[in-house]
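The values are calculated or read from the model by the stated rules, or taken from the named source; none is laboratory data. The shown structure was predicted, so the numbers you read here are calculated from the model rather than taken from an experiment. Heads up, the Cβs are rebuilt from the backbone with ideal geometry, glycines too, and the neighbour counts pull from every protein chain shown. Just the protein is used for accessible areas: all its heavy atoms, side chains included, with ligands, DNA and RNA removed. Shrake-Rupley method; radii C 1.70, N 1.55, O 1.52, S 1.80 Å.
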Amino acid sequence: MIGDTLLLQVAAVTDIAPGLRHLRLVAADGGKLPPAAAGAHVQFVLEGAARTWRNAYSLVSRPGARDAWEIIVRRVPASRGGSAFIHEQLEVGDRLLAGWPGNLFAPVRIARHHLMIAGGIGITPFLSYLAEFGFTGAGHALHVCCRESEKDVFAPWLGSSPAVAFHWDADGHRLDIPALLASQPAGTHLYVCGPAAMNDEVMAAAAVAGWPASHVHCEHFGSALFGGEAFRAFLVRSGIELEVAEDESLLDAIERAGVAAPCLCRGGACGVCVTPLLEGEAEHRDHFLSADERAAGRLIMPCVSRARAGRLVLDL
Amino acid sequence: MLHSDIKSRPTYRALEPDLAAAGHLLVIEAATLQPGGLAGLADAFAPVVANLHTWLVGEALAAPGLGKPWHLPAVADVVDALACATRGYGIGDRLYVQGTEPFLWSVATAAAIVGFGPGQLQLCHAGSLQRRVWCTHCHGVTEQVTTNVVPCAGCGRHLLVRDHFSRRLGAFMGVMVDAEAPGEIPAIEEVFA
Amino acid sequence: MSIAFKPEETFRGDYSYRNSDAAILRFPFPFPEDKYMYSVNIEPHVRSGPSDVFIRPFDVDEHYIAECRDRAITLERDPGRCQVLPHMMLAQWDTLELLMENLSADYPEHFSLTKEGDDFGSRWTWTNRPLGIEQSFIFGDAATLPCEPFEYITRQAQGDFAICDQRDDNLYMDAGMVTSQADWSLEFDVGMSFMEWHGPVPLAHQTGVFERALKYLLMLRLGQPVRRLNWTMTINPRLDTSPESFPEWGTDRASVTPDNAGSKVHLRVELQTLWRLPRSNAILFPIRCYLASLDDLARVPKWGARLHRVLSSLPPQLVEYKGLTRYLPAALAWLSRHDDGAELPIGTEAGVDTLT
Ligand code: HEM
Ligand code: FES
């Protein structure tokens, strides 16, 4: 079980509601997929005609499934456009590249009870949670806030769990968040995934109800995803100009150009790749440089760090 | 061989009520109280006294300003009381414990079993620095250790008391001091009084 | 790949453990330079490296059967060497799957795994030919195995194992199978956080080694295991150098002389790998231990000389922490005969194809 990217093939596409599309993806070579945990996401490379998107979606397939992965994608009209691509362009038989599963939102397994609050499509990570809790027998409750018209859409993944309640914006159906959070036993962990405003409201209500921060978890993609904006770099000693793509590290680009740069961990921890930065401003993502070294701006760790703006000139 | 800055060694601080919390349970080992200690706690907990329960363990002292305290004879009774408290504890509750290190960790372990997470728990060391020592060889526990080397209550070996600390056992590690050269036992000194 | 196992060798009593010439040549010698200090020496666990112990993610060698037997003896005497906290059941199955899949794929002559499905609830059949085991069980149902899944599979693997649960931006050592450790106690450490269990290590906290290592590990990705080498010294080829049994092996440290150091003193190298586990999101930490006597090592001239230099310049805090104080002078006296002072190339490779 070693690998980093996979080629997938779309095995089925189903529109489960207006603006909600379910995809079933299999390994393009007919082999097995790596198993994934509850709360896992996968980053997909979506190659549009004019540009490429890298969007991460929660897996809603059973944790540990190796025959196929499933995702549910809401079409977001105003956003980066990857979801529109999935809704308009992607067809059965198409192939796409994906990363191995990551997980920034795993359930806390020492919890005595799991309380989940989902807003709309934010239900997706919890579908895999439910499958896990069904297997392990862990106590749980899921509260879903959605449009009334969408409350039956997820039924195929919910089974007949009595621990799932739906709420929508009508008298008698709204979720009373403060009341829910005030009455939870010690040892409960709270997970929230939904629109930013709802996440903030739940987190604030939890703080008011005295929840320790260690027991409140919010799904947020972004910070840990690989890559970033493309940028340029110049290696003075080798005289090479580089184009660092969105999905590769500066170190990858240096190696691609045939320059042997020292490295070890490739994750910003060991310090081996430290390189003098002669010009340009770095976006530091490592754990190695001290605050003073970062402020001085004369060093960069190419295995993880990128350009904040413009071109980087390295003594390499 | 006595490592002084071992990172497993817990640090303790004065108790301070968490104003965001819903309920407050204060558990005090009475024998470790300094004169005026209860008054100091009463001052500190005054803002939350309406939602405060105090358990005094050992001597039955009067505790003005700390609600209506409940008296418990020994730490074992605290462990039982936590386990069977019928009302149950909420995620918004906080537990504050003051006493010797073995007392603190006996209560902390019992609290963890009923669901208190580290973020709901404050521990303040008071009284003697005596240690509970866990023998790595026979896994027996020697209580109230005040010396750098102590005969194990379980197997009788002379144990060097290290600073490495296990929260789960509430104990410091004891390792046979003369395992390399039997009989070579260093001078025994009173160090954790 | 066929391995000539040495099922009769022992790691206690008469200590009949010996390395073949091939085993010496593939020893994962840990010192690329003449000096050693703690660092975040972590790198991707790719299928290549300066020694062929790196070629397969879980290396099996000629000592496999004897090591499994030694583990069974230790567990018989002290079942507490295997500890699993209750919330680690998914991680137990993850470990079993990872080991069975890798061993059967890399050593098909010795191990095989047949599955009726990949999900929990599927029937699997595991065959371990060197140990003569054939076991059919339901993946995900512990009652269908003779013991819990983590204990089951790690009894059939070389090296120690710990599993760390990840929560609260920290790692907790919530399970382990530890019968060949360099003097630390699983029963004492189980449940501790990363900084707590590393508490006794000198110098590395102060230089930020553990802080950086922890941040890196929290981001460890599924499918991208990493590795590092750690080392210490052991008197006699003994696997069970636990604090539990220290009264049994402690006096061995006083038995070393400049004349017997070559056969008594062993360099003990741990190939530690770190794996994100798929269902539990925990991290598996296998600690694969390799032992070579000074006699063995000095047959590779570069290694004998380098070890002499590393040990003579080792910071005193490390000498004490690793428990070398009592016999280091004798070991150095022995090793000095194998060090002519000539400059040695950087790197850990043996630099020879046959032994002197
Ligand atoms: C996450 C899995 C890990 C586990 C379970 C683990 C466990 C341990 C334990 C139990 C010890 C012995 C401490 C004692 O004396 O009681 C130790 C020592 C040590 N660990 Fe780790 N460790 C892990 C990862 C790492 C990593 C990633 C590093 C990287 C820098 C590291 C560096 C060290 C060092 C330098 C020592 C001292 C070893 C010696 O000098 O013999 N550990 N570790
Ligand atoms: S390679 Fe380790 S910090 Fe860059």
Restricting the search to the range C:317-347, which residues are within 14 Å of chain B (Cβ to nearest Cβ), among the β-branched types (Val, Ile, Thr) and assigned to a loop (DSSP other than H, G, I, E, B)?
-> C:Thr325
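Being in contact (Cβ under 8 Å) with a residue 40 or more places away in the chain and within 30 Å of C:Asn230 (Cβ to Cβ), is that true of even one residue in the range C:108-116? Let's see the steps before the verdict.
The first filter runs over the range C:108-116 and keeps only residues in contact (Cβ under 8 Å) with a residue 40 or more places away in the chain, leaving C:109-110.
Cutting the leftovers down to within 30 Å of C:Asn230 (Cβ to Cβ) gives us C:110.
Looking for residues that are in contact (Cβ under 8 Å) with a residue 40 or more places away in the chain and within 30 Å of C:Asn230 (Cβ to Cβ), one finds at least one in the range C:108-116, hence yes.
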Subset of the range B:100-117 that is within 8 Å of the chain's Cα centre (by Cα) and part of a helix (DSSP H, G or I) - its residue that is farthest from the other protein chains (Cβ to nearest Cβ) | B:Phe103
Return yes when C:Pro50 is within 16 Å of ligand 2 (Cβ to nearest atom) and either modelled with pLDDT of 95 or more or open to solvent by 30 Å² or more (accessible area, probe 1.4 Å) (or both) and no when it is not.
-> no
Among the residues of the range B:57-68, is there at least one that is in contact (Cβ under 8 Å) with a residue 12 or more places away in the chain, under 25 Å from A:Pro178 (Cβ atoms), surrounded by fewer than 18 Cβ atoms within 10 Å (Cβ to Cβ) and away from chain A (no Cβ under 14 Å)?
-> no
What number goes with the only condition from (1) touching a Gly at 6+ places or on another chain (Cβ under 9 Å); (2) more than 8 Å from ligand 1 (Cβ to nearest atom) that C:Leu229 does not pass?
-> (1)
The lone exception for C:Val226 - which of (1) more than 9 Å from chain A (Cβ to nearest Cβ); (2) open to solvent by less than 10 Å² (accessible area, probe 1.4 Å); (3) within 16 Å of ligand 2 (Cβ to nearest atom) it fails = (1)
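Name the residue, out of C:Pro286, C:Pro278, that is within 16 Å of ligand 1 (Cβ to nearest atom) and open to solvent by less than 50 Å² (accessible area, probe 1.4 Å). Even if it seems obvious, please write down each step before you answer.
Working: C:Pro278 fails: within 16 Å of ligand 1 (Cβ to nearest atom).
Answer to the selection: C:Pro286.
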Give the range A:127-152 a look and list any residue that's in contact (Cβ under 8 Å) with a residue 60 or more places away in the chain and under 14 Å from A:His167 (Cα atoms), or say none.
-> A:Ser149, A:Glu150
Please find, among C:Leu131, C:Leu113, the residue that is open to solvent by 10 Å² or more (accessible area, probe 1.4 Å) and either part of a loop (DSSP other than H, G, I, E, B) or at pLDDT below 95 (or both).
-> C:Leu131
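Answer yes or no as to whether C:Ala143 is buried (at least 18 other Cβ atoms within 10 Å of the Cβ), of a type outside the set (Val, Ile, Thr) and away from chain A (no Cβ under 12 Å). Break it down into steps so the answer makes sense when it comes.
Working: buried (at least 18 other Cβ atoms within 10 Å of the Cβ): no; of a type outside the set (Val, Ile, Thr): yes; away from chain A (no Cβ under 12 Å): yes.
Spelling it out, it is not the case that C:Ala143 is buried (at least 18 other Cβ atoms within 10 Å of the Cβ), of a type outside the set (Val, Ile, Thr) and away from chain A (no Cβ under 12 Å).
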Failed condition for B:Gly88, given (1) within 12 Å of another protein chain (Cβ to nearest Cβ); (2) modelled with pLDDT under 95; (3) not in a loop (DSSP other than H, G, I, E, B) = (3)
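Taking the criterion of being within 16 Å of ligand 2 (Cβ to nearest atom) and in contact with a strand residue (DSSP E or B) (Cβ under 6 Å, 6 or more places away or on another chain), would at least one residue in the range C:266-283 satisfy it?
yes
When only residues in the range B:118-134 that are within 13 Å of another protein chain (Cβ to nearest Cβ) and in contact with a Lys or Arg (Cβ under 8 Å, 6 or more places away or on another chain) count, which is surrounded by the most Cβ atoms within 10 Å (Cβ to Cβ)?
We begin by selecting, within the range B:118-134, every residue within 13 Å of another protein chain (Cβ to nearest Cβ); these are B:118-122, B:132-134.
Retained after the next criterion (residues that are in contact with a Lys or Arg (Cβ under 8 Å, 6 or more places away or on another chain)): B:120-122.
Details: B:Gln120: 27, B:Leu121: 17, B:Gln122: 20.
In this case the residue turns out to be B:Gln120.
Please state which one of A:Leu25, A:Leu20, A:Leu33 is of a type outside the set (Lys, Arg), surrounded by 16 or more Cβ atoms within 10 Å (Cβ to Cβ) and at pLDDT below 95. Lay out the reasoning, then the answer.
On the way: A:Leu25 fails: at pLDDT below 95; A:Leu33 fails: at pLDDT below 95.
Checking each option against the conditions leaves just A:Leu20.
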Any pair with Cβ under 7 angstrom, 6 or more apart, that starts in the range C:222-251 at a residue that is without any contact (Cβ under 8 Å) to a residue 40 or more places away in the chain and closer than 18 Å to C:Asp183 by Cβ and ends at one that is assigned to a helix (DSSP H, G or I) and charged (D, E, K, R) | none
Go through the range C:310-325 and count every residue that is in contact (Cβ under 8 Å) with a residue 40 or more places away in the chain and surrounded by fewer than 16 Cβ atoms within 10 Å (Cβ to Cβ).
-> 4
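May I ask you to verify whether C:Leu214 is of a type in the set (A, V, I, L, M), within 14 Å of chain B (Cβ to nearest Cβ) and open to solvent by 10 Å² or more (accessible area, probe 1.4 Å)? Before you say what the answer is, go through the steps one by one.
Working: of a type in the set (A, V, I, L, M): yes; within 14 Å of chain B (Cβ to nearest Cβ): yes; open to solvent by 10 Å² or more (accessible area, probe 1.4 Å): yes.
Here the answer is yes, as C:Leu214 does meet what is asked.
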Scan the range C:75-91 and give yes if some residue there is open to solvent by 20 Å² or more (accessible area, probe 1.4 Å) and in a loop (DSSP other than H, G, I, E, B), otherwise no.
-> yes
Looking at A:Gly267, is it open to solvent by less than 70 Å² (accessible area, probe 1.4 Å), of a type outside the set (Ser, Thr, Tyr) and at positive phi?
-> no
Within the range B:135-176, work out how many residues are more than 10 Å from every other protein chain (Cβ to nearest Cβ), open to solvent by less than 60 Å² (accessible area, probe 1.4 Å) and either in a loop (DSSP other than H, G, I, E, B) or under 19 Å from C:Thr251 (Cβ atoms) (or both).
-> 11
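Listed here are the residues, each with its yes/no results for (1) within 16 Å of ligand 2 (Cβ to nearest atom); (2) in contact with a Cys (Cβ under 6 Å, 6 or more places away or on another chain); (3) within 14 Å of chain B (Cβ to nearest Cβ); (4) within 28 Å of C:Phe27 (Cα to Cα).
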| site | (1), (2), (3), (4) |
| --- | --- |
| C:Trp126 | no, no, no, no |
| C:Cys147 | no, no, no, no |
| C:Tyr152 | no, no, no, yes |
| C:Met177 | no, yes, no, yes |
Enumerate the pairs (first residue in the range A:29-51 and free of Cβ contacts under 8 Å to residues at least 24 places away in the same chain; second residue anywhere and loosely packed, with under 14 Cβ neighbours inside 10 Å) with beta-carbon separation below 9 Å, excluding pairs fewer than 6 apart on the same chain, so at least 6 apart or on different chains.
-> A:Asp29/A:Leu7; A:Ala49/A:Gln89
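State yes or no: is B:Leu95 surrounded by 15 or more Cβ atoms within 10 Å (Cβ to Cβ), under 20 Å from the mean Cα position of the chain (by Cα) and closer than 30 Å to A:Leu190 by Cα? Talk me through it step by step, then tell me what you get.
On the way: surrounded by 15 or more Cβ atoms within 10 Å (Cβ to Cβ): yes; under 20 Å from the mean Cα position of the chain (by Cα): yes; closer than 30 Å to A:Leu190 by Cα: yes.
So B:Leu95 passes the test.
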Go over the candidates C:Leu90, C:Leu85, C:Leu96 one by one and state the one that is within 14 Å of chain A (Cβ to nearest Cβ), more than 17 Å from C:Ala157 (Cβ to Cβ) and out of contact with any strand residue (DSSP E or B) (no Cβ under 6 Å at 6 or more places or on another chain).
-> C:Leu90
Can you tell me which residue in the range C:156-203 is most open to solvent (accessible area, probe 1.4 Å), limited to those that are among the charged types (D, E, K, R) and within 8 Å of ligand 1 (Cβ to nearest atom)?
-> C:Asp183
Any idea which residue in the range A:60-71 is farthest from the other protein chains (Cβ to nearest Cβ), counting only those that are touching a residue at least 60 places away in the same chain (Cβ under 8 Å) and open to solvent by less than 10 Å² (accessible area, probe 1.4 Å)?
-> A:Val60
